[in-house]
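A.B. asks: Would you mind keeping the following structure in view while I ask a few things?
The values are calculated or read from the model by the stated rules, or taken from the named source; none is laboratory data. This structure is a prediction, so every number in the text was calculated from the model and none was measured. Glycine gets a Cβ as well: all are built from the backbone with ideal geometry, and neighbour counts include every protein chain shown. Just so you know, the surface numbers come from the protein's heavy atoms only, side chains and all, with ligands and any DNA or RNA stripped out. Shrake-Rupley method; radii C 1.70, N 1.55, O 1.52, S 1.80 Å.
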Amino acid sequence: MLLTISTTARPATDLGFLLHKHPDRVQEFGQSSGKATVFYPEAGEERCTAALLLEVDPVTLARSRGKGSPDFSLSQYVNDRPYAASSLLAVALAEVFRTARAGRCAARPELAAAPLPLEVRLPALPCRGGPDLARRLFEPLGWEVSAAAVPLDEGFPEWGDSRYVTLTLTGTVRLADALNHLYVLLPVLDDAKHYWIAPDEVDKLVRAGEGWLGAHPERTLITRRYLGRRWTLARTALARLAELGDETEEALEPAIPEEPSPTAPATPPEGADGPDETPSADVEPDPAAPGDGAPDETAPGDGEPDAAADAGPRTLSGKRREAVLRTLEELGATSVIDLGCGQGELVGALLARPRFARVGGMDVSPMALTIAARKLKLERMPAAKRERLTLFQGALTYTDKRLTGYDAAVLMEVIEHVDPPRLAALERVVFGHARPRHVLVTTPNIEYNVRYEFLTGLRHPDHRFEWTRAEFAAWAAEVAARHGYTVALSPVGEDDPEVGPPTQMGVFTRDQRS
């Protein structure tokens, strides 16, 4: 099976730097299914093409077949896998172009970060859904898609088309993004994987889909197919994709180890998740797993675990939540609305404290609210607690009478997701229309980002901006002055003497006379 990637960005041979494969050499890489070869059919100043050829050994695949896989006799050895792009090619692409997928290039860092004119071609791609599905998946990502169905037999056109398409993608896209699009969407189009779909596939999907999958109009279809229609895994993945928040900064903090379950099986049982599974004897490794560019390295300062196991929240998001709860109690608030509530972590914490007699949660994402309702166990919630809670969909840039009547409003890691020209609308809605007695706003301190060793750019791909301490202080002071509030600023997390805290919080209090 063959994949070609071409560019016309001059000098075009810089594609070799980005892929970390020299245009003058043919390189071979062993795969569990056969052999991958990278070569350059053309390498000039005007145009350069890199080709990935995967030669699959059907005998090797048959020998690695899982015990629960059906035996279809000759079909084990005679099938389309050596010729049609599938999860086999996706895994080979991810392993061979591992560093390029991570967007790293020490020799040309500015090129790795920039969109390039690219053309990607796959001569034979199984596509369950036909050319239309290929367009639905790739066009929202900025690609111009040419997908032509391959006839079953050109000599007998009346037989119709096969399930294969010839796919050509053209667009101006960052190379790392293009590789991640292919890594996720090739098995999605095929609607099959050649290896056991284990729970760690959720992590692979979220990492590869960072910055694009969460906003994709077909994210549910992509997630279900990528995870082999295992709804348990799909729900987990969709929940993580719906979060506004803190994947990057929490991934940079050290993980909290969990005790392994003594009863957990070492390998998945046969038929563990129904007839949709197609297990094989081996599980493919994740090429972007920790240790090769995934942003899970330990950050200094705020990520350090506390001395005692129960001494408080260990992650930055937990510290932020506790700081907000503590401040709300100190202010004497009894009714609170969480604006941009996401999956309802803060809402759940508020409901757990009886002093908060009325709790609201609003988010622009219906999916996030659905997940919040599920995580809060809304259907089984005791009536007394349920009466205290209101969840609803809405946008912070439009006035809404449901926002009024609360003692306090919380915007926790929300404003940085709003385009700067629309901040004025948010300000009018929250401070001018809803006008709670108190408003708590938290937002990242961009100065602290240097403490995350492997972080490039902003902390989350959906952030429209991140402010320095001075910028946040200036914005907060202007908002307070315009709407009759006073504001006090406080750090959240360790207050680094050089760059300040990882999160900054503004506590606005309305003047009693206004």
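A.B. asks: Contour minus end-to-end for Ala488 and Arg464, with contour as 0.36 nm per residue of separation and end-to-end as the Cα-Cα distance?
C.D. replies: 6.2 nm
A.B. asks: What does the charge dipole of the range 387-433 about its Cα centre add up to, to the nearest 20 debye, if the Cβ of each Lys and Arg holds +1 and the Cβ of each Asp and Glu holds -1?
C.D. replies: My answer is approximately 200 debye.
A.B. asks: Further, regarding this structure: Please list, or write none, the lysines whose alpha carbon is within less than 16 Å of the alpha carbon of Lys385, excluding same-chain residues fewer than 8 places away.
C.D. replies: Correct list for Lys385: Lys375, Lys377.
A.B. asks: Can you give the FRET efficiency to the nearest 0.05 for Asp200 and Leu331, using r as the Cβ-Cβ distance and R₀ = 45 Å?
C.D. replies: Once the sixth-power term is evaluated, E becomes 0.55.
A.B. asks: A further question on this structure: Give, as ranges by residue number, the residues of the range 31-47 whose backbone N falls under 14 Å from the point 7 Å along Cα→Cβ of Leu2.
C.D. replies: 37-42, by backbone N distance to the label point.
A.B. asks: Simple spin-label model, 7 Å along Cα-to-Cβ: Glu46 to Ala148 in nm?
C.D. replies: Label at Glu46, label at Ala148, 2.3 nm between them.
A.B. asks: Still on this structure, please answer the following. Determine, from the Cβ-Cβ distance of Arg388 and Arg128 and an R0 of 35 Å, the FRET efficiency 1/(1 + (r/R0)^6), rounded to the nearest 0.05.
C.D. replies: Computed FRET efficiency for Arg388 and Arg128 comes out at 0.15.
A.B. asks: Let me ask something else about it. Any chance you could check the Cα centroid distance between the range 89-130 and the range 142-221 for me, in angstrom?
C.D. replies: Centre-to-centre distance over Cα atoms comes out at 12 Å.
A.B. asks: Treat each spin label as a single point 7 Å out from the Cα along the C-beta direction, and report the Thr220 to Thr404 distance in nm.
C.D. replies: Rounded to a tenth, the inter-label distance reads 3.5 nm.
A.B. asks: Name all residues of the range 85-121 having a backbone nitrogen under 15 Å from the label point set 7 Å from the Cα of Arg10 along its Cα→Cβ direction, giving them as ranges.
C.D. replies: Counting backbone N atoms under 15 Å from the label point, the list is 117.
A.B. asks: Report the FRET efficiency, 1/(1 + (r/R0)^6), for Val26 and Leu111, where r is their Cβ-Cβ distance and R0 is 35 Å, rounded to 0.05.
C.D. replies: 0.90
A.B. asks: Right, here's the next one. Given Gly405, Thr443, Met362, which one lies farthest toward the positive end of the charge dipole of the range 355-447, if we put +1 on the Cβ of every Lys and Arg and -1 on the Cβ of every Asp and Glu?
C.D. replies: Farthest along the dipole direction, towards plus: Gly405.
A.B. asks: Convert 20 °C to kelvin, take the viscosity as 1.002 mPa s, use the Kirkwood radius over C-alpha pairs of the range 80-221 as Rh, and evaluate the Stokes-Einstein diffusion coefficient in µm²/s, rounded to a whole number.
C.D. replies: 134
A.B. asks: Just the accessible area for Cys105, please: 1.4 Å probe, Å², rounded to the nearest 10?
C.D. replies: Counting only protein heavy atoms, the figure is 10 Å².
A.B. asks: Straight-line reach from Lys204: which lysines have Cα under 22 Å away, leaving out those fewer than 8 places along the same chain?
C.D. replies: Excluding near neighbours in sequence, the set is Lys193.
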